[in-house]
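In what follows, a single structure is set out as structure tokens and then discussed.
Just so you know, all these numbers are worked out from the coordinates, no wet-lab data involved. Just so it is clear, the structure is predicted and the values come from calculations on it, not from any experiment. Cβ sites come from the backbone with ideal geometry, for glycine too, and all protein chains shown count toward neighbours.
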Amino acid sequence: MVQQTKSSSMQETAPEKNTLFGRQSKLWLYTNFDCNLTCRYCVAESSPTTPRRALGLDNVQRLVDEAVELGFQKVFFTGGEPFILNDIYEMLAYASSRMKTTVLTNAMLLRSKRLEKLCAVANENLSVQVSLDGGSAEPHDAYRGEGSWIKTVEGIRRLQAAGFHVSISSTETPANSDYLDELHAFRRSLGIADDDHFVRPLARRGFSQEGMDVGMDTLVPEVTVTVDGIYWHPLVSPSDADMMVSTQIASLAEAVHCIERHLTAVAAEAGSKRTEFT
Ligand code: SF4
């Protein structure tokens, strides 16, 4: 299904700009694939030894420009750990000068020079989302590695002290599902509101051998770009291409058009209203 979609998208003329979106849309950018952690459930198959495969500053600037033109409302930077990169600050400065920008991180590296550089590009359009799976070390470290919880919590506190708006994302796992109340209480004790906490189920992708099966038939599209291509959704693993929309990252408009046509075709087949982008 994806291969058909991909090849047909290559042959069609890209749509006119400014015509695709009349609604809120998110763009996800995978800045890199290497990470200081090796989480057992990592969809991106990231680790300290994973090849970097960086998207690069030039691509990020061009994609942000095109996203603004197309009517995207928000951009999310993810990886891998974005703060491994030396040029992540320029990427965030550029993106947040043009649109609402959130960077996802485990926050463990955000101290000293890295934090100073992030503070230097702070503005009201830029927020930080930190991955936290427990209100104590055990339910968090079970999947993310021993000693990671305390370093992440220290990172959250440093970000808050520096004035950043911090949200939390959590993955529900067998190790923390009985401790979600503790997680919520701890998150509230950090001064982070319920609306700024996103809990998602485990997905059977990448390193994870357990969790929900996810794919184009179950996920609402959220346009995602990596150095390898454009994908249906950020829950993509580099080792499987079933959610790839295009191998080309030169034209975001063309990839969006491809996704729109796919949604229309699925709705026509089912005789239902078309799903929209989120
Ligand atoms: S889940 Fe996030 S923090 Fe963990 S290895 Fe993957 S990219 Fe790194």
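Label sites at residue 137 and residue 217, each approximated as a point 7 angstrom past Cα along Cα to Cβ, lie 4.5 nm apart. Here the spin labels are modelled as points 7 Å beyond Cα on the Cα-Cβ line, and at residue 250 and residue 87 they lie 2.0 nm apart. Taking the empirical scaling 2.2 N^0.38 Å for compact globular proteins as reference, segment 162-226 has a Cα radius of gyration ratio of 1.36.
Please give the FRET efficiency for residue 52 paired with residue 172, using the beta carbon to beta carbon distance and R0 = 22 Å, rounded to the nearest 0.05. All intermediate terms of the calculation are to be shown ahead of the outcome.
Values: r = 29 Å, r/R0 = 1.34.
Using R0 = 22 Å, I get an efficiency of 0.15.
Could you order the peptides 129-137, 206-214 from most to least packed, using the average number of other C-beta atoms within 10 Å per residue?
Values: 129-137: 22.0, 206-214: 15.0.
Per-residue mean Cβ counts within 10 Å order the peptides as 129-137, 206-214.
When the helices of the chain are scored as -39500 (n - 2.57) per DSSP H run of n ≥ 4 and the total is divided over every residue, the value at 222 nm lands at -10500 deg cm²/dmol.
Karplus-derived 3J(HN,Hα) values for segment 243-251, using 6.51 cos²θ - 1.76 cosθ + 1.60 with θ = phi - 60°, are 9, 6, 9, 7, 7, 9, 10, 6, 10 Hz; glycine and proline are entered as x. When the P(r) of segment 11-266 is calculated, the portion above 31 Å amounts to 22% of the C-alpha pairs. Centre-to-centre separation between the Cα atoms of segment 208-228 and those of segment 144-162: 27 Å.
Label positions at residue 188 and residue 38, each projected 7 Å from the Cα along the C-beta direction, are separated by 3.8 nm. Across segment 199-217, the residues whose backbone nitrogen lies under 19 Å from the label position 7 Å along the beta-carbon direction of residue 240 are 200-217.
For the chain, 35, 119, 258 stand unpaired, since no other cysteine beta carbon lies under 4.7 Å from theirs.
Taking a point 7 Å from the Cα of residue 198 along the Cα-to-Cβ direction, the residues of segment 61-95 with backbone N closer than 12 Å to it are 74-79.
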